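The values are calculated or read from the model by the stated rules, or taken from the named source; none is laboratory data. Keep in mind the model is a prediction, meaning the values are calculated, not measured. So basically every Cβ, Gly included, is an ideal-geometry build from the backbone, and we count neighbours across all protein chains shown. When the accessible area is computed, the model is the full protein with side chains, heavy atoms only, and any ligands, DNA or RNA have been set aside. Shrake-Rupley method; radii C 1.70, N 1.55, O 1.52, S 1.80 Å.
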There are 2 protein chains.
Amino acid sequence: MPETTTVPPEPHGDERASDRIIRHIEQQILSGTLPDRSPLPAERDLMEQFGSSRAVVREAISALGHRGLVEQRPRFRPVVRKPGVEAAFAAVGNIVEHLLGDENGVRNLYESRLFFEKALVRQAALHACKQDIDDLRTALAHNEAAIDDSEAFYQSDMAFHGVLYRIPRNPIFPAVHSAYTSWLAPHWSRMPRSPERNAMNFRSHAEILERIIERDADGAEIALRRHLDTAWEYVRVTFPSSSTPGRDTRS
Amino acid sequence: MPETTTVPPEPHGDERASDRIIRHIEQQILSGTLPDRSPLPAERDLMEQFGSSRAVVREAISALGHRGLVEQRPRFRPVVRKPGVEAAFAAVGNIVEHLLGDENGVRNLYESRLFFEKALVRQAALHACKQDIDDLRTALAHNEAAIDDSEAFYQSDMAFHGVLYRIPRNPIFPAVHSAYTSWLAPHWSRMPRSPERNAMNFRSHAEILERIIERDADGAEIALRRHLDTAWEYVRVTFPSSSTPGRDTRS
DNA sequence: ATCTAAATATGGTCCGACCAAAATGGTCAG
DNA sequence: CTGACCATTTTGGTCGGACCATATTTAGAT
């Protein structure tokens, strides 16, 4: 019964009634007619304005919500939120969560992060300006100061990596970082922490920074790789099913 | 008016009625109870099954649609679609479209792509196996064969880069590639094409491949960088307002 | 058996209503 | 005047029923 091999006809290109409203509000948001952070008009007003039923209006608002153009809390007025890179990544959150279901998904994601950050430290080593170096130094200092407080260290750890993502001065990158951390956090947090591990990570960071300062791209990349590989190894032993590195992006 | 100085109460952790349905169906999809490609139960059946009104059921389905778990065409039965990495990127499509509104957004995205592909060619140079090289060679050949047909060349161009994304053997990467191409396509396609440009791009690809074969990571990276920089320059002169403010729209 | 036409199932839209929580406005103690 | 407190009005969330147009299925004709 499930073998209807025929080609799906796919004839229709018509639109739902809500699409019109979506487009309209969308445009109002982008044009600034509906300023950022401002509440959307009441549903009943919208239904009058567009001459549609409330159901349609609600669907439109819901769609805008899913697209990240408005933020809707259970019983509150939807609030306009101009789209940012962060919003984009937030929108995929749910799906990524599913992809992370199997350990393999986590591995893939983590490896993509490794891949990305390898390129970041290389970039940093080659092009970091004085300010960037200072930022890294500061982050590293906070790092060291938090060695005895695992929670604080976790924060400062992320912050250190975060600086790396900011160096290219591309707003997309920090968004990528926060996406990585938020997606990987659940798996990371189940990992045991200890001042010893913190100290170890601190030293890893220190070495990376050293290489960057020396403008040693290769060295920095290697240090970063070792840093993240070690961390992954920790995850691997913490979680049972992982291993079998069929093929990887490590260098 | 917007100065309710108190902290947003955020009291409610309550959920909409649709959330229950969403979770349930979500789980059914993941567990395989609702197989991939199979139609969702009728709305009226669902409303009976969950004891909710149709509005709620519809909202749930709509949400699943926006999350990429089901594919809904205007007047057809929603179809289950197990989430893949592609689905994730597809979900952000709308938002990214907005981000690309200003030329700056395009530039940021394009630069992130340059950043990513630099790392890719480096990876390729260091770790590409024979098969990978062969794939690149094949893609390059298709490239050359399509020099006189700009449309075909465009396809083979993407294909060549696509091979690069597949080399790390991480399913996330090809998804990133298709995301880049689909997002950048509208801007790219408005650029004039010509056999001359095609030939030029072909030569760029050839050089990149050469460097990869020579295991010259730095050389490959430089070649790739030059390749994409040139392409961007083309975009820059094609569109009036790009970086370097003060440019005049007259051409 | 194949194709066509009626019947039904189903999604899209609309209406009107109710409830509970949120926003609003006004009162009153300090 | 300020700020806590309460009554009222808005407003989002949910419900139920209804109608339409199109998909899908069924039955009938060829």
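Below is a table of values for the structure above.
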{"read-out": "Packing-based ranking, highest mean first, of B:46-55, B:219-228 given that Cβ atoms within 10 Å are counted", "value": "B:219-228, B:46-55"}
{"read-out": "Where labels lie 7 Å past Cα in the beta-carbon direction, separation of B:R203 and B:E43 in nm", "value": "6.0"}
{"read-out": "B:F76 accessible area, 1.4 Å probe, all protein chains in place, Å² to nearest 10", "value": "90"}
{"read-out": "Surface accessible to a 1.4 Å probe, A:H142 within the full protein complex, Å²", "value": "110"}
{"read-out": "3J(HN,Hα) from dihedral phi, the range B:221-237, Karplus parametrisation 6.51/-1.76/1.60, rounded to Hz, x for glycine, proline", "value": "4, 4, 4, 4, 4, 4, 4, 6, 4, 4, 4, 5, 4, 4, 4, 4, 6"}
{"read-out": "Surrounding net charge for B:Y154, when Lys and Arg each add one and Asp and Glu each subtract one, Cβ distance under 15 Å", "value": "-3"}
{"read-out": "Accessible-area order (highest first, 1.4 angstrom probe) of the listed residues A:T230, B:T138", "value": "B:T138, A:T230"}
{"read-out": "Per-residue average of Cβ from other chains inside 10 Å of B:84-92", "value": "6"}
{"read-out": "Label 7 Å beyond Cα on the Cβ vector: A:E43 copy-to-copy distances, nm", "value": "1.5"}
{"read-out": "Pair A:R75, B:A159: separation of 7 Å Cα→Cβ label points (nm)", "value": "5.9"}
{"read-out": "Teacher prompt: A:T230 distances to equivalent labels in other copies, 7 Å Cα→Cβ, nm", "value": "4.4"}
{"read-out": "Computed [θ] at 222 nm, helices only, for the protein assembly as shown once each DSSP H run of length n ≥ 4 contributes -39500 (n - 2.57)", "value": "-22500 deg cm²/dmol"}
{"read-out": "Net lengthening on full extension, B:R16/B:R225 (0.36 nm per residue, minus Cα-Cα)", "value": "70.3 nm"}
{"read-out": "Amide H within-cut-off set for A:L34, under 5 Å, with H built and near neighbours excluded", "value": "A:I29"}
{"read-out": "Accessible surface of the protein assembly as shown [probe 1.4 Å, protein heavy atoms]: carbon and sulfur percent", "value": "52"}
{"read-out": "Average partner coverage of B:105-113, which counts Cβ from other chains inside 10 Å", "value": "3"}
{"read-out": "Principal-axis tilt of helix B:195-213 within chain B, Cα atoms, nearest 10 degrees", "value": "90"}
{"read-out": "Residue-level accessible surface for A:Y234, protein heavy atoms, 1.4 Å, Å²", "value": "70"}
{"read-out": "Compactness of the range A:57-115 as Cα Rg over 2.2 N^0.38 Å, two decimals", "value": "1.44"}
{"read-out": "Other copies of B:R190: label-to-label distances in nm, shortest first, labels 7 Å along the beta-carbon direction", "value": "4.8"}
{"read-out": "Shielding by partners - mean other protein chain Cβ count within 10 Å, residues of A:181-191", "value": "0"}
{"read-out": "Karplus (6.51, -1.76, 1.60) ³J(HN,Hα), θ = phi - 60°, over the range A:44-58, in Hz, Gly and Pro reported as x", "value": "5, 5, 4, 5, 6, 4, 9, x, 10, 6, 5, 4, 5, 4, 4"}
{"read-out": "Residue order for A:V163, A:V237 - accessible surface, 1.4 angstrom probe, largest first", "value": "A:V237, A:V163"}
{"read-out": "Nearest-0.05 FRET efficiency for B:S194 and B:D218, computed from C-beta distance (R0 30 Å)", "value": "0.45"}
